[in-house]
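The values are calculated or read from the model by the stated rules, or taken from the named source; none is laboratory data. Because the structure is predicted, anything quoted here is derived from the model rather than measured. No Cβ is skipped: glycine too gets one built from the backbone with ideal geometry, and neighbour counts run over all protein chains shown. Please note that ligands, DNA and RNA were not included when accessible areas were found on the heavy atoms of the full protein model with its side chains. Shrake-Rupley method; radii C 1.70, N 1.55, O 1.52, S 1.80 Å.
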2 protein chains.
Amino acid sequence: MCQLLGMNCNTPTDITFSFDGFRRRGGLTDHHTDGFGIAFFEGKGVRVFRDNRPGASSPMAESISQYQIKSLNVIAHIRKATRGDVNLENTHPFIRELWGENWVFAHNGTVEGVGVCEECHYQPIGTTDSEAAFCRIVSELKEMYPAKPSEKEIFDAVVKVTERIAEHGVFNFILSNGHFMIARCTTNLHYVCRKAPFGKALRDDDVSIDFSQYTQITDKVTVITTQPLTKNENWIKMKNGGYVFFKDGDVLYEIEGMLPEAKPHV
Amino acid sequence: MCQLLGMNCNTPTDITFSFDGFRRRGGLTDHHTDGFGIAFFEGKGVRVFRDNRPGASSPMAESISQYQIKSLNVIAHIRKATRGDVNLENTHPFIRELWGENWVFAHNGTVEGVGVCEECHYQPIGTTDSEAAFCRIVSELKEMYPAKPSEKEIFDAVVKVTERIAEHGVFNFILSNGHFMIARCTTNLHYVCRKAPFGKALRDDDVSIDFSQYTQITDKVTVITTQPLTKNENWIKMKNGGYVFFKDGDVLYEIEGMLPEAKPHV
């Protein structure tokens, strides 16, 4: 199994504090050692860094931490391979252009039987179930809406398409087009919305940060992750079948889902 | 105007020597200061680094040189903006998935009137003529061949599609899917095929390298670039309308083209 990290904000924010705690799980504090990837949106563009070495010891992850890139939307992933070889093309996050935008996707879990749809426009490059599922999502969105619809229509369409895929396994994912972020939970996904008054956060490796020193009173920063990264914040655990649509660091739409125990195949 | 750099080899090769000379033109030895980008194929995957700072002084370009990534196919670009703002989404090379492969494209020159084709599947994310042209190419290839055809058919199709675009301006480009590389010239594109017996090369900034120390006798490395990077090698200048299809460091197919003076609108 893998771990996910997402950030959605109303002001360009440096994810280093969260990313450093997160990537330690790739080989140091946990066993997700089959590569990592991170995508930073910058305007309509996106910077993606991937490595098939463990996040904790990858020199590329080290450089990224040093760059302190600020972004409104970030998706990161550390991988414990369950399907597909350990190589660059199988490393999350995956990207496709949809409606003239970069769409970025990362998945935790395994979904069975999402075969390659040969007549679909978007084809997987690697061999993971995750990329095959992502190609289904963007293919179906494009087919339903040849031109980009409203955000609410996109949210509803993503729910419709992904609920079918989620019937075939564990489908925790984060998806973004650089304007908003959609999170979907089967088993484990937590989020925290940081806003004023900002306080101190204590990471699980006991590194602390005082957000009030780095923020304006109007800032809103949401962090989404498989397991909470800090010990003293109010992380909300998403339920099975739950969806959240984040924009500008806030929850815009939500489907609560059921308790994780409620679905037999989880 | 921008500058292009491509490398196509039969063994994974470190492009640092060429890239270091090339990126000096982004702000040091020349005036291409509006960003740079480089894509390294690794298996079916591709690593892309882009920066909207000058190639010569970008810390990202510096890290890339230090990484000494080895690859069979590399495309790099330094930008002097003629169309489109200086930002990340307008920075070459551009990438799209076609037939389950990463297709990478970089362009030097300006092509007028390549409007956005709204019914085409591939849509530009930024505002450059280059990305609009690339979206036309991949859209038409996909329409002509829903499934991937032979390499010769791909070459012929690329020639057919791009000859039409080239009627509208200066269209020097390099295109690769990680298996082969196609170069097309209107005004300036040169290449050199390095193979045994390997000798010393002297870069235009007087840095030299002895390739015989880094190569095997079977190695073949072709470097394609806007202007020759070394003073003492046999760079072949491509002609207007010329196309070369490189594979494993060798020329596989070629259309010679005419002298650059022969076409009125160049």
Could you check A:P228 against (1) modelled with pLDDT of 95 or more; (2) touching a strand residue (DSSP E or B) at 6+ places or on another chain (Cβ under 6 Å); (3) within 21 Å of A:H92 (Cβ to Cβ) and say which number it fails?
(1)
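Is it true that A:K160 is touching a residue at least 24 places away in the same chain (Cβ under 8 Å) and of a type in the set (K, R)?
Considered against the rule, which asks whether it is touching a residue at least 24 places away in the same chain (Cβ under 8 Å) and of a type in the set (K, R), A:K160 comes out as no.
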Are any residues in region B:33-44 buried (at least 24 other Cβ atoms within 10 Å of the Cβ) and facing chain A (nearest Cβ under 10 Å), and if so, which ones?
B:F40, B:F41
Specify the residue that is farthest from the other protein chains (Cβ to nearest Cβ); the eligible residues are those in region A:122-132 that are of a type outside the set (F, W, Y) and part of a loop (DSSP other than H, G, I, E, B).
A:T128
Take B:Q66 and tell me if it is open to solvent by 20 Å² or more (accessible area, probe 1.4 Å), at pLDDT below 85 and within 14 Å of another protein chain (Cβ to nearest Cβ).
yes
Could you please find all residues in region A:141-153 being assigned to a helix (DSSP H, G or I) and either touching a Lys or Arg at 6+ places or on another chain (Cβ under 6 Å) or within 14 Å of chain B (Cβ to nearest Cβ) (or both)?
A:L141, A:K142, A:E143
Looking at the structure I just gave you, is A:R47 within 14 Å of chain B (Cβ to nearest Cβ), open to solvent by 10 Å² or more (accessible area, probe 1.4 Å) and modelled with pLDDT of 80 or more?
yes
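Every residue, every condition in (1) assigned to a loop (DSSP other than H, G, I, E, B); (2) closer than 26 Å to B:G43 by Cα; (3) of a type in the set (G, A, S); (4) in contact (Cβ under 8 Å) with a residue 12 or more places away in the chain, yes or no:
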site	(1), (2), (3), (4)
B:T187	yes, no, no, yes
B:T218	yes, yes, no, yes
B:P228	yes, no, no, yes
B:V251	no, yes, no, yes
Taking region B:84-121 as the region of interest, how many residues are facing chain A (nearest Cβ under 7 Å), open to solvent by 10 Å² or more (accessible area, probe 1.4 Å) and assigned to a loop (DSSP other than H, G, I, E, B)?
3
Which condition does B:I154 not pass, out of (1) open to solvent by 10 Å² or more (accessible area, probe 1.4 Å); (2) under 18 Å from the mean Cα position of the chain (by Cα); (3) among the aliphatic types (A, V, I, L, M), if it passes all the others?
(1)
Take the residues in region B:163-177 that are open to solvent by 10 Å² or more (accessible area, probe 1.4 Å) and aliphatic (A, V, I, L, M), then tell me which one is farthest from B:Q227 (Cα to Cα).
B:I165
Could you tell me whether B:S71 is over 17 Å from the mean Cα position of the chain (by Cα) and of a type in the set (S, T, Y)?
no
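Let's see how each residue does on (1) outside any strand (DSSP E or B); (2) open to solvent by less than 60 Å² (accessible area, probe 1.4 Å); (3) small (G, A, S):
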residue: A:V192; (1), (2), (3): no, yes, no
residue: A:F198; (1), (2), (3): yes, yes, no
residue: A:A201; (1), (2), (3): no, yes, yes
residue: A:D205; (1), (2), (3): yes, yes, no
residue: A:T222; (1), (2), (3): no, yes, no
residue: A:V244; (1), (2), (3): no, yes, no
Taking the condition closer than 21 Å to A:I64 by Cβ, at pLDDT below 95 and not acidic (D, E), does B:N52 pass?
yes
Please find, among B:I78, B:I137, the residue that is of a type in the set (V, I, T), more than 13 Å from every other protein chain (Cβ to nearest Cβ) and in contact with a His (Cβ under 8 Å, 6 or more places away or on another chain).
B:I78
With respect to the numbered conditions (1) closer than 27 Å to B:A166 by Cα; (2) buried (at least 24 other Cβ atoms within 10 Å of the Cβ), which one is the sole condition not fulfilled by B:A61?
(1)
May I ask you to list the residues in region B:115-141 that are farther than 17 Å from B:S176 by Cβ and either within 20 Å of the chain's Cα centre (by Cα) or modelled with pLDDT of 95 or more (or both)?
B:Q123, B:P124, B:I125, B:G126, B:T127, B:T128, B:D129, B:A132, B:R136, B:S139, B:E140
When you scan region A:178-188, do you find a residue that is surrounded by fewer than 18 Cβ atoms within 10 Å (Cβ to Cβ) and under 21 Å from A:P228 (Cα atoms), even just one?
yes
